[in-house]
Amino acid sequence: MPRLIPLIAIAVVLYFWFKSRRARAGGPGKSSRSRAEAAARLGLLPADRLDTEEMTPPQPERTALVEAVRGGDWQAGAAYVEAAGRDWYERRRRISRLADAAVQDDAWLLAWRAERPEDPAAAAVHANALVYLAWEIRGSKQAKHTTDEQFASFHRVLAEAREAFARAQELAGDDPSPFIGELPLAMGLGYPHEAFEAIWAEIEKRDPLNYLAYSSGLQYWCAKWRGSHEEALAFARRGADRGRPGQLLSVFPLEAYFEQESYDSDLNPQTFYNRPEVVAAADAALADLAEAVKVLDAADPRIAETRHMLAWILYWQDRYEEALAQFREIDGHIGCAPWTYSGDPKGRYTKVRDYTAAEVLKARGA
């Protein structure tokens, strides 16, 4: 018996290691072609029809807006922001969208700022555009694959952005947008924790449960940036505990777990994601999602982000029917985490989705 116990322990370790390897590879005895056929049988799209740039289907309003401002109609951009009213989540989204458009061509933004130098929306768009430009200069590769020249330009543009945010915040009034926009700057320039908390205090005065604020704040607290796994999870749980049903702040603990698993190559995802606290977090997010679909527009990005993360987590928890329900809703547009954390987003997505489809059919005896 004493010799048997170590053998059993080794067998258990090998079982979970093999199961993890099987899940990542797509399963023994099943070719990727047969799994793709399973996905097709369930009505899911072939790989060549997956959009890796967008998270949701592009909205005609968004396309028309970008075309209008790039054509010089800055008034359309100004009206677009103002139409959000005091919906701070939506206002922040619209400012971000305009800032993204300004990275490639800012002639219209310069005209807007010249005509209305005290316009808080124009100031916020300008500050955010500088941040987006800086990240485009840096690129998405790890630091060891980023040149000194890229880093120098990255930090120079971020320094300009810091001044621009200070001006936008002076004009902001009770709009939290320019404070939320500064959070990625805090991440990139390495603000100390006290400086982050000062910005966060300004956000909480204005909109304490803002989804986009928690999304950016979580990144700051991740181990890969300015915090740790423990700090990121504590921050995420704080939002989830305070959020009302349907606000979808419950997704952030899942994102914190995902960030930890992505960062720590020694973790076994099969065992990590099946810990009771992660299973409970997935259940909470599913319940929150059920409430959100009753009150939010079906195209709301918060719903899509939650579905994408749930699909990943539920897959690792072997909850294939529940994962499939999410894949049915998100299939076609996969331009977000967890897929974009791979060098091959389409490959990661189809591997997980198609394996899920094959397991569902097997369980159904089909």
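Kindly state, to the nearest 0.05, the FRET efficiency for Ala195 paired with Ala366, given R0 = 45 Å and r defined as their beta-carbon distance. Intermediate values should be presented prior to the final figure.
Numbers: r = 56 Å, r/R0 = 1.25.
Computed FRET efficiency for Ala195 and Ala366 comes out at 0.20.
Under a Gaussian network description of the chain, with springs only between Cα atoms under 10 Å, the residue in Thr356, Thr271, Thr306 that fluctuates furthest is Thr271. Of the residues Arg86, Arg237, Arg328, the one that moves most in a GNM of the chain with alpha-carbon contacts below 10 Å is Arg86.
Computed 3J(HN,Hα) for the stretch 175-186, one whole-Hz value per residue from the Karplus formula 6.51 cos²θ - 1.76 cosθ + 1.60 where θ = phi - 60°, is 7, x, 3, x, 7, 5, x, 7, 4, x, 5, 4, glycine and proline marked x.
List the GluC sites (Glu not before Pro) within the stretch 25-128 that DSSP assigns to loop and that have no more than 12 neighbouring Cβ atoms inside 10 Å. Mind showing how you got there, number by number?
Details: sites: Glu37, Glu53, Glu54, Glu61, Glu67, Glu82, Glu90, Glu115, Glu118; in loops: Glu53, Glu54, Glu118.
Those that pass, being in a loop and sparsely packed, are Glu53, Glu118.
In deg cm²/dmol, rounded to 500, what helix-only [θ] at 222 nm does the chain give when every DSSP H run of at least 4 residues adds -39500 (n - 2.57) and the total is split over its residues? Value at 222 nm, helices only, nearest 500: -22500 deg cm²/dmol.
Answer rounded, prolate or oblate for the stretch 177-295, using the Cα gyration tensor with square roots of eigenvalues a ≥ b ≥ c: rounded when a/c is under 1.5, else prolate when a/b is larger than b/c, else oblate. Intermediate results must be reported in sequence, preceding the final value.
Working: a/c = 2.53, a/b = 1.16, b/c = 2.18.
Taking the square roots of the gyration eigenvalues as a ≥ b ≥ c, the stretch 177-295 is oblate.
Put the Cα centre of the stretch 176-196 next to the Cα centre of the stretch 64-92 and the gap is 24 Å.
Note on Arg116/Ala47: beta-carbon distance plugged into 1/(1 + (r/R0)^6) with R0 of 41 Å gives a FRET efficiency of 0.30. For the chain, the longest principal axis of the alpha carbon atoms and the long axis of helix 345-364 meet at an angle near 40°. At a probe radius of 1.4 angstrom, the accessible area of the chain per residue rounds to 48 square angstrom.
GNM remark for the chain: springs join alpha carbons under 10 Å apart, and the peak mean-square fluctuation among Pro208, Pro46, Pro120 falls on Pro46. In this simple spin-label approximation, Ala64 and Ala290 carry label points 7 Å from Cα along the Cα→Cβ vector, and these lie 3.8 nm apart.
Rounded to the nearest percent, how much of the accessible area of the chain (1.4 Å probe, protein heavy atoms only) is carbon and sulfur?
Carbon-and-sulfur percentage of accessible area, whole number: 53.
Note on the stretch 74-162: Cα convex hull, mean projected area over all directions, 6.3 nm².
Please get the size of the charge dipole for the stretch 78-136, origin at its Cα centre, with Cβ charges of +1 on Lys and Arg and -1 on Asp and Glu, quoted in debye to the nearest 20. Each step should come with its number before you reach the end.
Details: 8 positive and 10 negative charges, 47 e Å.
Computed charge dipole of the stretch 78-136: roughly 220 debye.
Counting only alpha carbon atoms, the long axis of helix 276-295 and the longest principal axis of the chain meet at about 50°. Looking at the square roots a ≥ b ≥ c of the eigenvalues of the Cα gyration tensor of the stretch 161-209, which shape do they give, rounded for a/c under 1.5, prolate if a/b is larger than b/c, or oblate? Oblate, because a/c is 1.5 or more while a/b does not exceed b/c. The distance separating the Cα centre of the stretch 274-351 from that of the stretch 203-272 comes to 15 Å. Database remark: amide H of His333 closer than 5 angstrom to the amide H of Asp51 (H placed geometrically; neighbours at sequence offset of 5 or more, or on other chains; Pro and chain starts carry no H).
Taking a ≥ b ≥ c as the square roots of the eigenvalues of the Cα gyration tensor of the stretch 238-366, is the shape rounded (a/c under 1.5), prolate (a/b larger than b/c) or oblate? Rounded, because the longest to shortest axis ratio a/c is under 1.5.
The values are calculated or read from the model by the stated rules, or taken from the named source; none is laboratory data. None of the values given here were measured: they were computed from a predicted structure. FYI the Cβ positions are ideal-geometry reconstructions off the backbone, even for glycines, and counts take in every protein chain you see. SASA here: full protein model, heavy atoms, side chains in, ligands and nucleic acids out. Shrake-Rupley method; radii C 1.70, N 1.55, O 1.52, S 1.80 Å.
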